[in-house]
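One structure is given here, and the rest of the page talks about it.
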Amino acid sequence: MRIFLGDHASSTYARSIYRDSHEAEEREIVLRNLADDDTVLECGAGLGLVTILCCRKIGSDRVHTLEANPALESVLRKNFALNHVSPDLQIKLVALEEGEEDFYVDEKFVTSSRFGSDEDVGRQQQKVPAVSLQKLLDSIRPTFLIMDIEGAEVDLADSSLNLSTVRKLCIEMHPQIVGNEAITRVVARLVEQGFTWQLRESKQDVLFFSRAA
């Protein structure tokens, strides 16, 4: 896999790319559990490592990915071209409702989030287009949902969401942003919908859930 870092090449997070530890937990889980007949919806593409892995395994036409940070679009497209993949990419924030949402762009791109605070330093608040998660689920009908969206995974606890097509979920949880109670509500809601938390497949804050078709 070839990765272009652009302006992020000199950041401390670049070291994790050079060490091959960036998103290692997600990549390991996805590689083991992604099947040839899966359709992927990835929320939070980042630099595209997990996206590229999915495309190589099941083909670009079965991979749909979204990234809220506009500053990452050119990097993502460059990385896809370098690796000869062409997933469906949307530069939009995933939310419960469509419209516009506040998004806080951090110099440390991996911590950019829709959640901000009065203590934020070095973050730029901007409005970005938001797409409804339910609309994505209904149109794409994914079987494998991948999420790394810096706390916005709490939307999965919403009782209005219909995850009927999804059989597998790989989610990075962010209790440091939203708190343990919010994460507990997400897990409880997923279990309520028939998902099993696969402890042996999960790695640190990256949890894997599955259910029978």
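The values are calculated or read from the model by the stated rules, or taken from the named source; none is laboratory data. Note that the coordinates shown come from a computational prediction; the quantities given were computed from them, not determined experimentally. Counting neighbours? That spans all protein chains shown, and the Cβs are built from the backbone with ideal geometry, glycine included. Areas reflect the complete protein model, heavy atoms only, side chains present, ligands, DNA and RNA absent. Shrake-Rupley method; radii C 1.70, N 1.55, O 1.52, S 1.80 Å.
When the residues of the range 187-210 are filtered to those that are more than 19 Å from residue 136 (Cα to Cα) and touching a helix residue (DSSP H, G or I) at 6+ places or on another chain (Cβ under 7 Å), which remaining residue is most open to solvent (accessible area, probe 1.4 Å)? Within the range 187-210, the match that is most open to solvent (accessible area, probe 1.4 Å) is 204. In the range 133-164, how many residues are over 22 Å from residue 34 (Cβ atoms), crowded, with 17+ Cβ neighbours inside 10 Å and not hydrophobic (A, V, I, L, M, F, W, C)? Going through the range 133-164 one residue at a time, the tally reaches 4.
The sole residue among 24, 35 that is of a type in the set (Gly, Ala, Ser) and either over 16 Å from residue 206 (Cβ atoms) or at pLDDT 95 or above (or both) is 35. When the range 36-60 is filtered for residues that are touching a residue at least 60 places away in the same chain (Cβ under 8 Å) and open to solvent by 30 Å² or more (accessible area, probe 1.4 Å), only 37 remains.
For the range 68-83, filtering for residues that are in contact with a Cys (Cβ under 9 Å, 6 or more places away or on another chain) and free of Cβ contacts under 8 Å to residues at least 60 places away in the same chain leaves 1. Can residue 183 be described as assigned to a helix (DSSP H, G or I), touching a Pro at 6+ places or on another chain (Cβ under 6 Å) and farther than 17 Å from residue 34 by Cα? In short, yes. One residue alone among 121, 128 is closer than 16 Å to residue 92 by Cβ, at pLDDT below 95, hydrophobic (A, V, I, L, M, F, W, C) and outside any helix (DSSP H, G or I), and that residue is 128.
Once the range 165-178 is narrowed to residues that are at pLDDT 95 or above and outside any strand (DSSP E or B), the residue that is most open to solvent (accessible area, probe 1.4 Å) is 167. Take the residues in the range 61-84 that are open to solvent by 20 Å² or more (accessible area, probe 1.4 Å) and over 25 Å from residue 101 (Cβ atoms); name whichever of them is nearest to the chain's Cα centre (by Cα). Looking at the filtered set, the residue picked out is 62. Would you confirm, using the coordinates I've provided, whether residue 213 is open to solvent by 10 Å² or more (accessible area, probe 1.4 Å) and at pLDDT below 95? Yes, satisfied. When residue 113 is tested against (1) of a type in the set (Ser, Thr, Tyr); (2) at pLDDT 95 or above; (3) more than 20 Å from residue 140 (Cβ to Cβ), just one condition goes unmet, and that condition is (2). Looking across the range 69-99, the residues that are closer than 18 Å to residue 56 by Cα and in a loop (DSSP other than H, G, I, E, B) come down to 83, 84, 85, 86, 87.
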